[in-house]
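Have a look at the structure below before the remarks.
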Amino acid sequence: MDCPGDWPEPIVRVQSLSESCNDAIPERYVKPPEARPVLGSTVDANIPLIDLGGLHDDSIRERTLGHVSEACREWGFFMVVNHGISDELLDRAREVWRQFFHQPMEVKQAYANTPKTYEGYGSRLGVEKGAVLDWSDYYYLHYLPCNLRDFNKWPALPNGLREVIAEYSAEIVRLGGVLLKILSINLGLSENFLQNAFGGSDIGACLRVNFYPKCPQPDLTLGLSSHSDPGGMTFLLPDQNVPGLQVRRGDGWITVKPAPHALIVNIGDQIQVLSNAIYKSVEHRVIVNSAEERISLAYFYNPKSDLLIKPAKELVTPDSPALYPAMTFDEYRLYIRTKGPRGKSQLGDSLKSSR
């Protein structure tokens with residue numbers, strides 16, 4: 001399956017729509033009734049908050065590992081503090097990207113993306129003609145593997161953005177390695193199992209910065225449609241002031257309330273496959289706001305794209321047979337990029353299509 005070289009329809013920047021449509025959003029952004037958010041009706045709860053500082057204290061290390069294990073098994077989402085990334089860097093990363101999106105359109109348009117790699121400035125996911133669109137713009141770029149790292153795609157303005165990308169990326173990759181060890185230990189595997197399954201040091205790491213402009217009808221649309229993340233593990237730096245991420249919990253949705261300078265971590269589809277569904281990726285979506293814009297940074301820590309991903313043989317037994325066939329991340333990602341976000345069904349649908 002080849003991805004088209006360009007978008008099927010002219011691209012409209014949602015930020016420009018937000019500035020021009022005062023009362024109503026275009027029909028292309030109106031979700032069907034069953035997919036619309038019912039604002040104010042979410043479950044009154046929050047995802048687990050875990051202090052990773054406990055990993056360095058022998059008296060509470062096992063308890064901390066247990067908290068991560070429970071979050072992966074029961075939630076698929078959790079927040080981490082004392083993760084080793086400075087508050088100052090987190091604040092700088094958010095602010096410099098906010099400045100990027102408030103530059104003149106011609107500056108941003110120079111980085112316009114295509115479906116081939118998604119790298120650059122974008123406003124839609126998926127290439128199906130006539131699809132209902134999400135109320136967001138984004139910027140996507142590769143960090144690893146190094147051969148995909150194209151500094152010409154890293155915005156030159158505002159000043160300092162490229163330096164922030166490099167520093168923040170290195171920190172996220174470090175943290176990703178730490179958490180993969182924890183997940184491996186909790187699964188009863190060797191501590192390097194998941195890292196090796198991802199390709200050792202030869203992994204994929206990419207950033208999508210999401211910009212959600214103000215929306216005059218937030219009850220009719222979504223900033224990002226319901227989906228589970230196709231990759232390995234995601235680290236989200238949320239907007240500190242404007243909530244928007246919603247995580248499915250049973251039949252309802254939880255609006256995540258971020259802790260100060262916490263990172264939100266969620267399990268992706270590839271770890272669900274590797275763990276044979278002991279850990280599950282969880283459906284999530286983003287709501288938008290009529291009064292305030294919102295920005296977030298989603299970092300995807302992924303397997304090397306051409307490695308076969310399949311359930312760990314140590315986790316496959318007669319009572320727990322392998323639930324998924326082997327598939328490379330490239331094959332899986334191409335399906336998602338073609339179809340766009342498809343709720344939780346994308347995992348089963350894509351694997352069925354490979355048989």
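Remarks
- Any hit, the range 43-50, residues being open to solvent by 30 Å² or more (accessible area, probe 1.4 Å), at pLDDT 95 or above and within 24 Å of Pro230 (Cβ to Cβ): yes
- For the range 66-91, a residue qualifies if it is in a helix (DSSP H, G or I), over 15 Å from Pro238 (Cβ atoms) and of a type outside the set (A, V, I, L, M, F, W, C), and the qualifying residues are Gly66, His67, Ser69, Glu70, Arg73, Glu74, Glu88.
- For the range 51-60, filtered to residues that are in a loop (DSSP other than H, G, I, E, B) and either open to solvent by less than 30 Å² (accessible area, probe 1.4 Å) or not small (Gly, Ala, Ser) (or both), the residue that is modelled with the highest pLDDT is Ile60.
- Pairing residues of the range 128-143 that are over 20 Å from Phe101 (Cα atoms) with residues that are open to solvent by less than 20 Å² (accessible area, probe 1.4 Å) and of a type in the set (Phe, Trp, Tyr), at Cβ distances under 8 Å and at least 6 apart in sequence or on separate chains, gives Val132/Tyr29.
- Top-ranked residue in the range 147-169 [being touching an Asp or Glu at 6+ places or on another chain (Cβ under 9 Å) and under 15 Å from Gly204 (Cα atoms); ranked as surrounded by the most Cβ atoms within 10 Å (Cβ to Cβ)]: Leu148
- Selected residue (only one of Arg63, Arg94 is modelled with pLDDT of 95 or more, charged (D, E, K, R), surrounded by 12 or more Cβ atoms within 10 Å (Cβ to Cβ) and part of a helix (DSSP H, G or I)): Arg94
- Each residue in the range 8-42 was checked for being over 30 Å from Ala259 (Cα atoms), of a type in the set (Ser, Thr, Tyr) and at pLDDT 95 or above, and 2 of them qualify.
- Criterion: touching a residue at least 24 places away in the same chain (Cβ under 8 Å) and buried (at least 23 other Cβ atoms within 10 Å of the Cβ) - qualifying residue of Asp229, Asp219: Asp229
- Residues of the range 213-265 that turn out to be assigned to a loop (DSSP other than H, G, I, E, B), hydrophobic (A, V, I, L, M, F, W, C) and either within 21 Å of Cys72 (Cα to Cα) or touching a helix residue (DSSP H, G or I) at 6+ places or on another chain (Cβ under 6 Å) (or both), as a count: 3
- Asn113, sole failed condition from (1) of a type in the set (S, T, N, Q); (2) touching a Gly at 6+ places or on another chain (Cβ under 6 Å); (3) open to solvent by 20 Å² or more (accessible area, probe 1.4 Å): (3)
- Members of the range 7-29 found to be more than 23 Å from the chain's Cα centre (by Cα) and surrounded by 10 or more Cβ atoms within 10 Å (Cβ to Cβ), listed by number: Pro8, Glu9, Ser16, Leu17, Ser18, Glu19, Cys21, Ala24, Ile25, Pro26, Arg28
- Residue count for the range 288-325, restricted to those that are open to solvent by less than 50 Å² (accessible area, probe 1.4 Å) and in a loop (DSSP other than H, G, I, E, B): 9
- Pick from the range 66-91, criterion over 17 Å from Tyr168 (Cβ atoms) and among the small types (Gly, Ala, Ser), ranking: most open to solvent (accessible area, probe 1.4 Å): Gly66
- Scanning the range 316-355 for residues that are on the phi > 0 side of the Ramachandran plot and at pLDDT below 60 yields a count of 1.
- Residue list for the range 150-197, restricted to those being of a type in the set (Gly, Ala, Ser) and either touching a Leu at 6+ places or on another chain (Cβ under 6 Å) or at pLDDT below 95 (or both): Ser184, Ala197
The values are calculated or read from the model by the stated rules, or taken from the named source; none is laboratory data. This one's a predicted model, so the numbers in the text were calculated from it and none came from an experiment. Every residue, glycine as well, gets a Cβ built from its backbone with ideal geometry; the counts of neighbours run over all protein chains shown. Just the protein is used for accessible areas: all its heavy atoms, side chains included, with ligands, DNA and RNA removed. Shrake-Rupley method; radii C 1.70, N 1.55, O 1.52, S 1.80 Å.
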